[in-house]
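The structure appears below as structure tokens.
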Amino acid sequence: NNEKSVPQLLIRDLKFERKSLAKLMFSPDQENHPSKAPVKYGELIVLGYNGSLPNGDRGRRKSRFALFKRPKANGVKPSTVHIACTPQAAKAISNKDQHSISYTLSRAQTVVVEYTHDSNTDMFQIGRSTESPIDFVVTDTVPGSQSNSDTQSVQSTISRFACRIICERNPPFTARIYAAGFDSSKNIFLGEKAAKWKTSDGQMDGLTTNGVLVMHPRNGFTEDSKPGVWREISVCGNVFSLRETRSAQQRGKMVENETNQLQDGSLIDLCGATLLWRTAEGLSRTPTVKHLEALRQEINAARPQCPVGFNTLAFPSMKRKDVVDEKQPWVYLNCGHVHGYHNWGNKEERDGKDRECPMCRSVGPYVPLWLGCEAGFYVDAGPPTHAFSPCGHVCSEKTTAYWSQIPLPHGTHTFHAACPFCAHQLAGEQGYIRLIFQGPLD
């Protein structure tokens, strides 16, 4: 029973300098003159990336995208409806300066809804296409992939023009989401096979092939957050219960009392990638990268040790988040005991994945620990005391508890909880574990 003789500590036992950390909590653009900064509506953060894309963020292809008030409004709103194959309908479709949505009902009949300029809103478009109308280019997320080469072989299920977000230019800067985006000729085409219908007030509406799903958390994006219900958003921004499978012809039931208005913490699923929406106000309450760096230094300053090799462990700097360092902490995922890397307990008859913890003899996976660097995924500013299983990404207890309850869409009709930092499906009873560090012996 060598466990009792060894000093152990949970990270929450460290005496964190709360005041110095509080100063680092708020983002730098708040401290400087807020009146001069452009109005930020919010940010979209792609789940599965720990602060940046594997090969680096470039242009419109990155792991997070900030939506700022545009110098000039570019929003649109529906205006004239043309039915059948009239010359006006053909003209509306071919007019490159006019936004329009075409609903093909049959070979003989198309309904074209013209859209007109809206000086009160800004429009942002998201999709797989790299054409100019797309503001934020999103590609399929491959769980745990370290480079884009891992993702190229996958046949993408994300639509080229997946969705659009319309933000009010005046306070409270409400953001709303709509399925489908306008292409280079300012059109959205819903072909014969797409689910579409006439609404009670004579307008048209429809769903895209693989759909745009949204989940608004209950109690906002805070330490008290609880998962909401996944819904599907239509081309006109109406809310529906989910179809039986992702691309089924039959639409779900309309949910009258819910809206397409995004809240802090809303999740948007594009069938291949999931985005987290954070409002500017929500981000102002979120820990910054500086704060996470201070927490990292605080852990390392406590000089946790490996109970086997007695060598001091240290989390590598946030910039080196893919290469295993020799001082890197490792954890036994069944018990939470933190060690340095060693070959103890690697029994020949096992497949090499499961190891026996020298502290408590429990057998399970043994993995390196990585700090969660994407601050936007944190629901609070607590110390990094817990790790997701089986990937070993470390963050606060409430953050692990929150994400472990969220069913994220996977494939065409399944859902599972996943680590927000790498998109790996969570394993084990809870999906995360409390870390037990050993303090220095001196």
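The values are calculated or read from the model by the stated rules, or taken from the named source; none is laboratory data. Predicted model only: the values in this text are computed from it and were never measured. Here the Cβ positions follow ideal geometry from the backbone for every residue, glycine too, while neighbour counts run over all protein chains shown. Accessible surface is based on the protein model in full, side chains and every heavy atom, while ligands, DNA and RNA are left aside. Shrake-Rupley method; radii C 1.70, N 1.55, O 1.52, S 1.80 Å.
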For GLY252, indicate whether it is outside the structural domain of PRO420 (by the TED database), buried (at least 22 other Cβ atoms within 10 Å of the Cβ) and not basic (Lys, Arg).
no
Go through THR279, THR312, THR245 for me and flag whichever is in contact (Cβ under 8 Å) with a residue 40 or more places away in the chain and closer than 17 Å to HIS216 by Cβ.
THR279
Would you mind stating whether PHE173 is at positive phi and either within 17 Å of the chain's Cα centre (by Cα) or hydrophobic (A, V, I, L, M, F, W, C) (or both)?
yes
One residue from GLY228, GLY220, GLY181 being more than 20 Å from TYR115 (Cα to Cα), part of a loop (DSSP other than H, G, I, E, B) and touching a Pro at 6+ places or on another chain (Cβ under 8 Å)
GLY228
Pick from segment 431-442, criterion assigned to a loop (DSSP other than H, G, I, E, B) and modelled with pLDDT under 95, ranking: nearest to ARG64 (Cα to Cα)
GLY439
Being of a type outside the set (Gly, Ala, Ser), under 23 Å from SER132 (Cα atoms) and open to solvent by less than 40 Å² (accessible area, probe 1.4 Å) is the filter here; which residues of segment 37-63 pass it?
TYR41, GLU43, LEU44, ILE45, VAL46, LEU53
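Residues are listed down the side, and each one gets a yes or a no for (1) polar (S, T, N, Q); (2) modelled with pLDDT of 90 or more; (3) on the phi > 0 side of the Ramachandran plot:
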residue	(1), (2), (3)
LYS19	no, no, no
ARG61	no, yes, no
GLN88	yes, no, no
ALA108	no, no, no
Name the residues in segment 274-322 that are over 25 Å from PHE437 (Cα atoms), part of a helix (DSSP H, G or I) and of a type outside the set (A, V, I, L, M), would you?
GLU281, GLY282, SER284
Given (1) of a type in the set (A, V, I, L, M); (2) buried (at least 18 other Cβ atoms within 10 Å of the Cβ); (3) in contact with a strand residue (DSSP E or B) (Cβ under 6 Å, 6 or more places away or on another chain), where does ILE158 come up short, assuming only one miss?
(3)
Of the conditions (1) out of contact with any strand residue (DSSP E or B) (no Cβ under 8 Å at 6 or more places or on another chain); (2) open to solvent by less than 10 Å² (accessible area, probe 1.4 Å), the single one that SER396 does not satisfy is (1)
By residue number, the members of segment 34-59 that are modelled with pLDDT of 85 or more, small (Gly, Ala, Ser) and farther than 21 Å from ARG169 by Cα are GLY48, GLY51, SER52, GLY59
Filter pass, VAL214 being part of a strand (DSSP E or B) and under 28 Å from TRP403 (Cα atoms)
yes
Quick one: which strands (runs of 3 or more DSSP E) lie wholly within segment 329-420 and hold at least 1 residues that are more than 21 Å from the chain's Cα centre (by Cα) and either β-branched (Val, Ile, Thr) or under 30 Å from THR245 (Cβ atoms) (or both)?
330-332, 363-368
Could you list, in sequence order, all residues of segment 309-338 that are among the aliphatic types (A, V, I, L, M) and buried (at least 17 other Cβ atoms within 10 Å of the Cβ)?
LEU313, ALA314, VAL331, LEU333, VAL338
Are there any pairs with C-beta distances below 7 angstrom linking a residue in segment 366-380 that is more than 13 Å from ARG296 (Cβ to Cβ) to a residue that is in a loop (DSSP other than H, G, I, E, B) and among the polar types (S, T, N, Q), with the two at least 6 apart or on different chains, and if so which?
PRO368/GLN328; GLU374/ASN50; GLY376/THR286; TYR378/THR286; TYR378/SER396; VAL379/THR222; VAL379/SER225; ASP380/SER396
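Could you tell me which of the residues ARG278, ARG285 is under 25 Å from ILE406 (Cα atoms), open to solvent by 30 Å² or more (accessible area, probe 1.4 Å) and not small (Gly, Ala, Ser)? Give the steps one after another, and end with the answer.
Numbers: ARG278 fails: open to solvent by 30 Å² or more (accessible area, probe 1.4 Å).
Exactly one of ARG278, ARG285 is under 25 Å from ILE406 (Cα atoms), open to solvent by 30 Å² or more (accessible area, probe 1.4 Å) and not small (Gly, Ala, Ser), namely ARG285.
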